[in-house]
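Trainee: Take a look at this one; I'll ask things after.
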Amino acid sequence: MTSAGWDPSLYLSFDDHRSRPFHDLIARIGASAPRRVVDLGCGPGHLTGLLAARWPDATLTALDSSAAMVAAARERGIAADLGDVVDWAPAPDTDVVVTNAVLQWVPEHPRLLPGWLAALPSGAWFAMQVPGNFGAPSHALTRQLAAEPQWAGRIALRGEESVLEPARYAELMGPHADVDAWETTYLHRLTGDDPVLRWISGTALRPVRTALEDREYDDFCAELAPRLRAAYPARPDGTTWFPFRRIFAVARTR
């Protein structure tokens with residue numbers, strides 16, 4: 001997994017919206033006194049602290065592949081380490097693993113999941129959440145623009161195959177754990193100019209930003225903005241409703 005030039009401040013600009021799935025995810029974890037809690041892909045660490053607060057007696061491990069994100073987490077007092085989730089393996093005392101909005105960046109994660117669960121001790125909890133909106137206009141329009149002659153072959157974007165459906169995650173995890181898998185579509189109320197463009201600039205547009213020079217990136221966004229405005233029109237009061245589907249799975253090993 002590559003870091004794709006993550007900007008912690010930009011990522012946090014929609015903190016309330018991006019944090020809500022994390023709260024819904026960890027609410028399904030029933031661990032009472034875990035020995036070790038792992039935040040796999042901790043980002044800037046603003047949510048990792050919630051894990052520490054919930055399980056203050058646990059050893060907390062935080063990992064991210066972005067040096068900028070690790071630095072931001074450390075500034076918050078999180079002892080985060082730089083590392084790729086592909087190379088991660090659970091320690092014998094790992095009782096809780098949380099991976100929030102990370103595995104969509106890891107193409108091989110369906111292969112990794114069964115091995116991770118098999119390596120966890122009996123009674124451990126594994127909780128994951130990924131965006132399920134790769135077919136939404138926000139992403140489809142970005143891919144369409146990236147395929148046009150001016151940009152074709154220069155930008156690698158993720159498609160709908162980046163994540164699985166909830167039932168498929170349940171099937172992968174089922175041989176090793178009891179699984180609760182579900183999906184939720186949040187309806188976010190966004191404000192300001194081109195709010196959907198700004199929203200995806202912190203995540204989906206990171207590969208575009210990495211692939212293009214500054215002026216080219218500005219040109220790309222200038223072409224994308226009116227397409228997004230048409231797909232997500234502003235309401236009379238100036239706000240924009242943005243549906244965002246999320247996919248969740250929480251597993252407890254046997």
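The values are calculated or read from the model by the stated rules, or taken from the named source; none is laboratory data. Quick caveat, the model's predicted, so the values are computed rather than measured. Backbone-built Cβ (ideal geometry, glycine too); neighbour counts: all protein chains shown. When the accessible area is computed, the model is the full protein with side chains, heavy atoms only, and any ligands, DNA or RNA have been set aside. Shrake-Rupley method; radii C 1.70, N 1.55, O 1.52, S 1.80 Å.
Trainee: Applying the selection to the stretch 122-139, what residues are open to solvent by 30 Å² or more (accessible area, probe 1.4 Å), closer than 14 Å to residue 176 by Cβ and of a type outside the set (S, T, N, Q)? Can you show your working first?
Mentor: Just the residues of the stretch 122-139 that are open to solvent by 30 Å² or more (accessible area, probe 1.4 Å), to begin with: 122, 125, 135, 137.
Add one more test, that the residue is closer than 14 Å to residue 176 by Cβ, and what stays is 122, 125.
Once the filter is applied, which keeps residues that are open to solvent by 30 Å² or more (accessible area, probe 1.4 Å), closer than 14 Å to residue 176 by Cβ and of a type outside the set (S, T, N, Q), the stretch 122-139 yields only 125.
Trainee: Within the stretch 107-123, is even one residue in contact with a strand residue (DSSP E or B) (Cβ under 9 Å, 6 or more places away or on another chain) and part of a strand (DSSP E or B)?
Mentor: Our first condition is that a residue be in contact with a strand residue (DSSP E or B) (Cβ under 9 Å, 6 or more places away or on another chain); within the stretch 107-123, this holds for 109, 113, 116-123.
With part of a strand (DSSP E or B) added as a condition, the list becomes none.
Looking through the stretch 107-123, none of the residues is in contact with a strand residue (DSSP E or B) (Cβ under 9 Å, 6 or more places away or on another chain) and part of a strand (DSSP E or B).
Trainee: Just the residues that are crowded, with 22+ Cβ neighbours inside 10 Å and either free of Cβ contacts under 8 Å to residues at least 40 places away in the same chain or among the small types (Gly, Ala, Ser) (or both), please, taken from the stretch 102-116.
Mentor: 109, 116
Trainee: Only one of these conditions is not met by residue 192: (1) of a type outside the set (D, E, K, R); (2) over 30 Å from residue 235 (Cα atoms); (3) more than 19 Å from the chain's Cα centre (by Cα). Which number is it?
Mentor: (2)
Trainee: So is residue 154 open to solvent by 70 Å² or more (accessible area, probe 1.4 Å), among the basic types (Lys, Arg) and part of a helix (DSSP H, G or I) or not?
Mentor: On the way: open to solvent by 70 Å² or more (accessible area, probe 1.4 Å): yes; among the basic types (Lys, Arg): yes; part of a helix (DSSP H, G or I): no.
For residue 154, the condition - open to solvent by 70 Å² or more (accessible area, probe 1.4 Å), among the basic types (Lys, Arg) and part of a helix (DSSP H, G or I) - is not met.
Trainee: Scan the stretch 168-189 residue by residue and report those that are within 19 Å of the chain's Cα centre (by Cα) and small (Gly, Ala, Ser).
Mentor: 170, 181, listed by residue number.
Trainee: Out of all the residues in the stretch 63-86, which are in a helix (DSSP H, G or I) and touching a Cys at 6+ places or on another chain (Cβ under 9 Å)? Give the steps one after another, and end with the answer.
Mentor: Going through the stretch 63-86, the residues in a helix (DSSP H, G or I) turn out to be 67-75, 85-86.
Listed by number, the residues that qualify are 69, 70, 73.
Trainee: Further question on the same structure: How about the stretch 216-254: which of its residues are assigned to a loop (DSSP other than H, G, I, E, B) and β-branched (Val, Ile, Thr)?
Mentor: Restricting attention to the stretch 216-254, the residues satisfying the condition of being assigned to a loop (DSSP other than H, G, I, E, B) are 232-239, 254.
Result: 239, single match.
Trainee: Taking the criterion of being touching a residue at least 12 places away in the same chain (Cβ under 8 Å) and assigned to a helix (DSSP H, G or I), would at least one residue in the stretch 87-101 satisfy it? Explain how you work it out, then say what you get.
Mentor: Initial filter on the stretch 87-101 (touching a residue at least 12 places away in the same chain (Cβ under 8 Å)): 88-101.
Narrowing the set further to residues that are assigned to a helix (DSSP H, G or I) leaves none.
No - not one qualifying residue is present in the stretch 87-101.
Trainee: Kindly indicate whether residue 119 is in contact (Cβ under 8 Å) with a residue 24 or more places away in the chain and open to solvent by less than 20 Å² (accessible area, probe 1.4 Å).
Mentor: Answer is no for this residue.
Trainee: For the stretch 162-173, does any single residue satisfy the condition of being at pLDDT below 95, open to solvent by less than 30 Å² (accessible area, probe 1.4 Å), within 18 Å of residue 101 (Cβ to Cβ) and touching an Asp or Glu at 6+ places or on another chain (Cβ under 8 Å)?
Mentor: The answer is no; no qualifying residue exists.
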